[in-house]
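The values are calculated or read from the model by the stated rules, or taken from the named source; none is laboratory data. Model, not experiment: these values are computed from the prediction. Quick reminder, even Gly has a Cβ in these numbers, built from the backbone with ideal geometry, and neighbours come from all protein chains shown. Note: areas computed on protein heavy atoms with side chains; ligands, DNA, RNA excluded. Shrake-Rupley method; radii C 1.70, N 1.55, O 1.52, S 1.80 Å.
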Amino acid sequence: MTPPMDVVHLKSMVNATLLNLLPAQETSPTHLHQAMHYALLGSGKRLRPLLTLLAANVATDSRTLRMACVSELVHTASLILDDLPCMDDATMRRDRPCTHIRFSESTAILASTNFLNLAYGVIADCPNVDASTKVAVSAHLSHVIGSMGLVGGQIADLQNQPVGSKSAIEQLYHQKTGCLFEFAVVTGARLRGVDAEVIDALTRFARAFGLLFQLYDDMLDHSTFVQETGKDVQQDTAKTTLLSLYTPEEVRGALSNAQAMAREQLSRAGYDESLLAALVEQQFVTFNGAAQRLGV
Ligand code: GRG
């Protein structure tokens with residue numbers, strides 16, 4: 001019997017696929033391709049591709065691996081832009097200087113643009129995926145990147161206007177983080193050919209998981225975590241975040257409600273005993289540990 005595939009092994013398959021999707025560094029324009037290798041192949045956790053593979057029931061065929069990498073290409077594009085001087089003005093990302101610092105701002109912007117272009121190309125060229133699935137995945141991705149998704153979340157974040165309600169900031173977190181998780185899990189499920197009920201449950205799961213992950217990211221921004229992030233901390237001290245808006249009891253409540261919601265929806269989607277559920281539980285341990293260290 002084949003032993004169950006572990007997450008470390010899946011991550012190495014994702015890394016190999018990502019490398020394969022890029023033009024070689026020696027291919028002209030070399031400066032751009034070197035910047036793309038640098039930004040993409042650093043120390044990322046590859047959480048989004050892993051979610052796709054696990055939602056596809058640990059499928060590791062070429063089409064699932066390629067589709068799983070789409071979210072990582074988009075995520076990397078967003079990190080490059082987020083770090084620019086005109087945005088968060090960061091210096092470190094994935095344990096090394098940001099792409100615009102190691103290369104140049106113009107190269108970083110072009111590398112990011114080319115990652116988005118590549119993402120749509122990977123979907124269009126993916127073998128053994130029917131045209132209707134490709135259209136559905138592309139339309140979903142367009143929504144996730146656009147003004148109701150990452151771009152919209154980022155502009156709201158940069159404008160940093162007073163956030164009126166907790167639900168408004170939760171919506172912002174969904175746009176900045178949750179919607180790409182949603183894309184990742186739903187894409188995995190689409191490749192399995194699941195029904196609308198499963199897609200709906202996974203969409204709700206991803207909203208809860210995205211909220212938890214963004215809350216965790218806010219915690220990492222605290223100086224306590226400077227050694228473990230591989231990126232700049234205290235970037236958000238002047239911004240409204242759930243941590244600044246919530247009392248410690250409310251943060252604990254939000255963590256526990258979102259975990260309960262994520263578990264419930266994974267179970268509704270039929271993933272109770274799956275490696276996806278195990279990965280999610282492992283993430284919860286990390287989130288709760290960070291909350292404990294911050295004293296919330
Ligand atoms: C056009 C794609 C595109 C985006 C434009 C710049 C921008 C709009 C959005 C940025 C949104 C952003 C940076 C959200 C934060 C997401 C987040 C929690 C990042 C950290 O993710 P990890 O911890 O990072 O998974 P690694 O490095 O492990 O992949």
All-pairs alpha carbon distance profile, the stretch 1-138, 5 Å steps from 0, percent: 2, 10, 20, 21, 18, 14, 9, 4, 1, 0, 0
Column: log10 I(q)/I(0), Debye, Cα scatterers of the stretch 29-91, q = 0.23, 0.24, 0.28 Å⁻¹: -0.97, -1.01, -1.15
The chain pair-distance distribution - Cα-Cα, 5 Å bins, rounded %: 1, 5, 12, 16, 19, 19, 14, 9, 4, 1, 0, 0
For the stretch 88-136, projected area of the alpha-carbon convex hull averaged over all directions, nm²: 4.9
Length added when fully stretched, Arg192-Arg252, from 0.36 nm per residue minus Cα-Cα: 18.1 nm
Highest-first arrangement of 92-101, 148-157, 8-17, where packing means the average Cβ count within 10 Å: 92-101, 148-157, 8-17
Sorted largest first, extent of the stretch 124-275 alpha carbons per principal axis (Å): 47, 33, 32
Distance between the stretch 35-70 and the stretch 107-134 - C-alpha centres, whole angstrom: 13
Relative contact order [Cα under 8 Å, 6+ residues apart], the stretch 5-293, whole percent: 19
Rg over Rh [alpha-carbon atoms, Kirkwood Rh] for the stretch 193-296: 1.03
Karplus (6.51, -1.76, 1.60) ³J(HN,Hα), θ = phi - 60°, over the stretch 278-290, in Hz, Gly and Pro reported as x: 5, 4, 5, 4, 4, 5, 4, 4, 4, 4, 5, x, 5
Kirkwood hydrodynamic radius over Cα pairs of the stretch 60-109, then Stokes diffusion coefficient at 10 °C and 1.306 mPa s, in µm²/s: 134
Accessible-area value, Tyr38, 1.4 Å probe, nucleic acids and ligands omitted, Å²: 40
Calculated FRET value between Ile155 and Asn128, using beta carbons and R₀ = 35 Å, to 0.05: 0.40
Inter-site label distance for Gln292 and Thr91 at 7 Å from Cα along Cβ, in nm: 3.3
Probe 1.4 Å, protein heavy atoms only - accessible area per residue of the stretch 21-113 in square angstrom: 37
Burial ranking of peptide ranges 126-133, 173-180 (average Cβ count within 10 Å, highest at the top): 173-180, 126-133
Segment Ser62-Ser244, length gained on full extension (0.36 nm per residue, minus Cα span): 61.2 nm
Efficiency of FRET between His9 and Asp272 - r from beta-carbon atoms, R0 35 angstrom, step 0.05: 0.95
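Out of the total accessible area of the chain (probe 1.4 Å, heavy atoms of protein only), what percent is carbon and sulfur?
For the chain, the apolar C and S fraction of the accessible surface comes to 54 percent.
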Candidate residues Glu72, Glu264, Glu250: accessible-area rank, largest first, probe 1.4 Å: Glu264, Glu250, Glu72
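Given a Förster distance of 25 angstrom, what is the FRET efficiency for Ala168 paired with Thr237, based on the Cβ-Cβ distance and rounded to 0.05?
0.80
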Sequence of Tyr120, Tyr271 from largest to smallest accessible area, 1.4 Å probe: Tyr120, Tyr271
Inter-site label distance for Met148 and Asp200 at 7 Å from Cα along Cβ, in nm: 1.8
Test item: Cα-centred dipole of the stretch 32-82, Lys/Arg +1 and Asp/Glu -1 on Cβ, debye: 100
